[in-house]
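First comes the structure, then the notes that go with it.
The values are calculated or read from the model by the stated rules, or taken from the named source; none is laboratory data. Computed from a predicted structure; not experimentally measured. Here the Cβ positions follow ideal geometry from the backbone for every residue, glycine too, while neighbour counts run over all protein chains shown. The protein model used for the area step is the full one, side chains on, heavy atoms only, and it has no ligands, DNA or RNA in it. Shrake-Rupley method; radii C 1.70, N 1.55, O 1.52, S 1.80 Å.
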There are 2 protein chains.
Amino acid sequence: MLRSRLTKRFKLDHPVISAPMGFAGGGKLAAAVSAAGGLGLIGGGYGEEHWLREQIEVAGNQRVGCGFITWSLKKQPHLLEIALDSTPAAIFLSFGDPQPFIGRIKQADVPVICQIQTVADAGRAIDLGADVVVAQGAEAGGHGEKRGTFTLVPEVADLISARASETLLCAAGGVADGRGLAAALALGADGVVVGTRFWASEEALVHPNMLAAVVSASGDDTLRSSVIDILKGYDFWSARYDLRTLRSAATDRWAGKEAELRAVAEVEVARYAKAAAKGDARRAGATVGEGIGLIHGIAPADTILRTMIGEAEGILRKAPAWIAT
Amino acid sequence: MLRSRLTKRFKLDHPVISAPMGFAGGGKLAAAVSAAGGLGLIGGGYGEEHWLREQIEVAGNQRVGCGFITWSLKKQPHLLEIALDSTPAAIFLSFGDPQPFIGRIKQADVPVICQIQTVADAGRAIDLGADVVVAQGAEAGGHGEKRGTFTLVPEVADLISARASETLLCAAGGVADGRGLAAALALGADGVVVGTRFWASEEALVHPNMLAAVVSASGDDTLRSSVIDILKGYDFWSARYDLRTLRSAATDRWAGKEAELRAVAEVEVARYAKAAAKGDARRAGATVGEGIGLIHGIAPADTILRTMIGEAEGILRKAPAWIAT
């Protein structure tokens, strides 16, 4: 068990939040993370109403939260009401201006977690009254931007100190073990948001072929691009956000040739859908971050969390020994 | 004072190496860092023989090392002999295959530090017998690649544990204060290589206008591109390496339009040289990393180092308090 401002505010055993991964992060994973003493989040993603209701149901009585892609939620704001009806532990917003939703969430007395990718957006989230700011570095799997976790976290920590010191800060992007958790605390975070490590868990909604394909991968084998978004038929993201995935035949073929790909998108989207349905990891692109290089097996979420906390405790306990006497 | 395998092996007070920054990192800065208890390195850069001899002279009796751009050193291997004649504390090689030089350096009984940007290259450096591997993340100023510091460091640490546990590991890219130093140790490093923070020091060979321009910058204001290389007339780097600099009128104009720029390079190189000579920060691109957002003033190198160590000691001393009892 670790204690920080995050564990205190959210009454957790561990300062660890599971990233609300679209598709992969359902109610089962969120509930398992919360049951193990962290804060589990359901990945509301683009907003499938049926799926969202189902996953909230699956989470049962566990106290979990829900995440949304902010620009997508704007098209279907009723999904926020569905999430709020479940009295969630938190609502997590990322990729877009949180302003239209923060008032409503606060009115429901639910904590708001805003994920940002730049210091500029951190400033806006703080000013809008986010309870928690998540500084997400480019190492992260899935959508994101260019700043690295290692510098974004302390720069946002300084901004919070100067502007609204009661705002909490979590690090996201590359936190896959206890070393990352301990490092995030040292950089000034109150906790971490963990995606890839929980993506590779027994509870995640991921095709077993994809899981099998990633456990031997290095972080070197991932890249940021828009290729997989285009191939999934999601070619409507703002150019500021791209997507980190594992390299695959698809990214090898199309990365840097997005215009060419768009010209044949119709055919390629259909082919990709077939490959993804079969869990064909050679053709499809597993949505994982650089932290995949630190992951060597699939495990239950509670084992993942306990291992991470144990490692972090070991590092933090021995830290004073680095000081020369 | 902190102790680690790096301080022990190199007999240092602090596990901090100054990055061998081409042009900016001369003998004065290297000597100041070594005098303050770290390990100072002269930035041999592309290899100006006269400049190198001069800077070794300036460093005087201080025990400093020397860094080279590996692919460039291959064209002028006699520069390595000049450096070895000064009985350097270490030779630091980055950007290219170190194989042609490692034997000669070891024969001279000088430690070899190999900076790498991928796990694959880390493996090669370890196998070639590097004494220290520096894992450089994309946050770094100047040349580099895409991996983030936060995941590259622990992944290389695991590789070292598995393959050659006596090899030392330093983190580079975004280490600008004591939080970064403490985090690097938590991630598994034995020490850090610090560039940008020492770039913004009184001893660095940087135009005062450039220094003045950067102290208010955020890490958001930097980007990786090949634009400044092309404008400096250094358009001979392998495409795998680009360069992080501060945004400027030049990068705003040309980033993403490198082919167009190359077509008018002759005129633009001449214009850029004039702007750079005047320290025109609006037009030229200061070679700094994302860590610039953590830097708010110019200071002498020994103050920088003392402040960083003091901060790191504070964090490491209090680290056990994160463990809940």
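Could we say that B:A259 is within 14 Å of chain A (Cβ to nearest Cβ), closer than 23 Å to A:K146 by Cα, open to solvent by 10 Å² or more (accessible area, probe 1.4 Å) and more than 23 Å from the chain's Cα centre (by Cα) here?
Numbers: within 14 Å of chain A (Cβ to nearest Cβ): yes; closer than 23 Å to A:K146 by Cα: yes; open to solvent by 10 Å² or more (accessible area, probe 1.4 Å): yes; more than 23 Å from the chain's Cα centre (by Cα): yes.
Yes: the conditions hold for B:A259.
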> When you go through (1) open to solvent by less than 10 Å² (accessible area, probe 1.4 Å); (2) of a type outside the set (D, E); (3) in contact with a strand residue (DSSP E or B) (Cβ under 7 Å, 6 or more places away or on another chain); (4) more than 24 Å from B:V112 (Cα to Cα) one by one for B:V227, which number turns out not to apply?
Replying inline: (3)
> Among the listed residues A:R63, A:R53, which satisfies the condition of being under 18 Å from A:V193 (Cβ atoms) and charged (D, E, K, R)?
Replying inline: A:R63
> Within region B:62-72, can you find the residues that are over 17 Å from the mean Cα position of the chain (by Cα) and either modelled with pLDDT under 95 or open to solvent by less than 80 Å² (accessible area, probe 1.4 Å) (or both)?
Replying inline: B:Q62
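Tell me the residue from B:S225, B:S238 that is within 26 Å of A:A138 (Cβ to Cβ) and within 14 Å of another protein chain (Cβ to nearest Cβ), please. Talk me through it step by step, then tell me what you get.
Working: B:S238 fails: within 14 Å of another protein chain (Cβ to nearest Cβ).
Answer to the selection: B:S225.
Considering each residue of region B:152-174, count those that are crowded, with 24+ Cβ neighbours inside 10 Å and facing chain A (nearest Cβ under 8 Å), and give that number. Step through it out loud before you land on a result.
In the first step, residues of region B:152-174 are kept if they are crowded, with 24+ Cβ neighbours inside 10 Å; the result is B:152-156, B:169-174.
Now drop any that are not facing chain A (nearest Cβ under 8 Å), which leaves B:152, B:154-155, B:173-174.
Qualifying residue count for the region: 5.
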> Out of the residues in region B:1-38 that are outside any loop (DSSP other than H, G, I, E, B) and under 19 Å from B:I69 (Cβ atoms), which is nearest to the other protein chains (Cβ to nearest Cβ)?
Replying inline: B:I17
>> For region B:153-172, check the following and say yes or no: at least one residue is within 16 Å of the chain's Cα centre (by Cα), more than 28 Å from B:A59 (Cα to Cα) and modelled with pLDDT of 95 or more.
In response: yes
> Among B:A172, B:A140, B:A182, B:A157, which is the only one that is closer than 25 Å to B:G96 by Cβ, among the hydrophobic types (A, V, I, L, M, F, W, C) and out of contact with any Lys or Arg (no Cβ under 9 Å at 6 or more places or on another chain)?
Replying inline: B:A172
> Which condition number in (1) open to solvent by 40 Å² or more (accessible area, probe 1.4 Å); (2) part of a helix (DSSP H, G or I) is the one that A:Y234 fails?
Replying inline: (2)
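Might you check whether a residue that is over 23 Å from B:F92 (Cα atoms), facing chain A (nearest Cβ under 10 Å) and either in contact (Cβ under 8 Å) with a residue 12 or more places away in the chain or outside any helix (DSSP H, G or I) (or both) occurs anywhere in region B:206-215? Walk me through it before giving the result.
At the first step, the residues of region B:206-215 found to be over 23 Å from B:F92 (Cα atoms) are B:207-215.
Then drop every residue that is not facing chain A (nearest Cβ under 10 Å), which leaves none.
Within region B:206-215, none of the residues are over 23 Å from B:F92 (Cα atoms), facing chain A (nearest Cβ under 10 Å) and either in contact (Cβ under 8 Å) with a residue 12 or more places away in the chain or outside any helix (DSSP H, G or I) (or both).
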>> Please go through region A:249-279 and give me each residue that is touching a helix residue (DSSP H, G or I) at 6+ places or on another chain (Cβ under 8 Å) and part of a loop (DSSP other than H, G, I, E, B), ordered by number.
In response: A:A255, A:K278, A:G279
> Among all residue pairs at least 6 apart or on different chains, which show Cβ distances below 6 Å where the first residue, located in region B:44-60, is assigned by TED's automatic domain parsing to the domain that holds B:G26 and closer than 22 Å to B:Y234 by Cα and the second is among the hydroxyl-bearing types (S, T, Y) and surrounded by fewer than 21 Cβ atoms within 10 Å (Cβ to Cβ)?
Replying inline: B:Y46/B:S72; B:G47/B:S72
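Looking only at region B:42-61, count every residue that is under 23 Å from B:Q117 (Cβ atoms) and at pLDDT below 95 and tell me the total. Quick ask: steps written out before the conclusion?
Step one: of region B:42-61, the residues under 23 Å from B:Q117 (Cβ atoms) are B:42-47.
In the following step, the residues that additionally are at pLDDT below 95 were identified as B:44-47.
Adding up the residues that qualify gives 4.
Quick test for you: out of A:L152, A:L168, A:L181, pick the one residue that is touching a Pro at 6+ places or on another chain (Cβ under 8 Å) and either closer than 20 Å to A:S218 by Cβ or not small (G, A, S) (or both).
Step by step, each of A:L152, A:L168, A:L181 is checked, and only A:L181 is touching a Pro at 6+ places or on another chain (Cβ under 8 Å) and either closer than 20 Å to A:S218 by Cβ or not small (G, A, S) (or both).
Can you tell me which residues in region B:77-95 are surrounded by fewer than 16 Cβ atoms within 10 Å (Cβ to Cβ) and either of a type in the set (S, T, N, Q) or assigned to a helix (DSSP H, G or I) (or both)? Break it down stepwise before answering.
So in region B:77-95, the residues surrounded by fewer than 16 Cβ atoms within 10 Å (Cβ to Cβ) come out as B:77-78, B:81, B:85, B:87.
Residues satisfying the conditions are B:H78, B:E81, B:D85, B:T87.
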>> Please go through region A:283-325 and give me each residue that is in contact with a strand residue (DSSP E or B) (Cβ under 7 Å, 6 or more places away or on another chain), within 14 Å of chain B (Cβ to nearest Cβ) and surrounded by fewer than 16 Cβ atoms within 10 Å (Cβ to Cβ), ordered by number.
In response: A:R317, A:I323, A:A324
>> With the requirement that a residue be part of a loop (DSSP other than H, G, I, E, B) and in contact (Cβ under 8 Å) with a residue 40 or more places away in the chain, what does region B:153-194 give you?
In response: B:T167, B:G173, B:G174, B:V175, B:A176, B:D177, B:A189, B:D190
> Does B:E145 satisfy the condition of being open to solvent by 10 Å² or more (accessible area, probe 1.4 Å) and not assigned by TED's automatic domain parsing to the domain that holds B:K232?
Replying inline: yes
>> Can you tell me which of (1) in contact with an Asp or Glu (Cβ under 6 Å, 6 or more places away or on another chain); (2) open to solvent by 10 Å² or more (accessible area, probe 1.4 Å) is the one A:Q117 doesn't meet?
In response: (2)
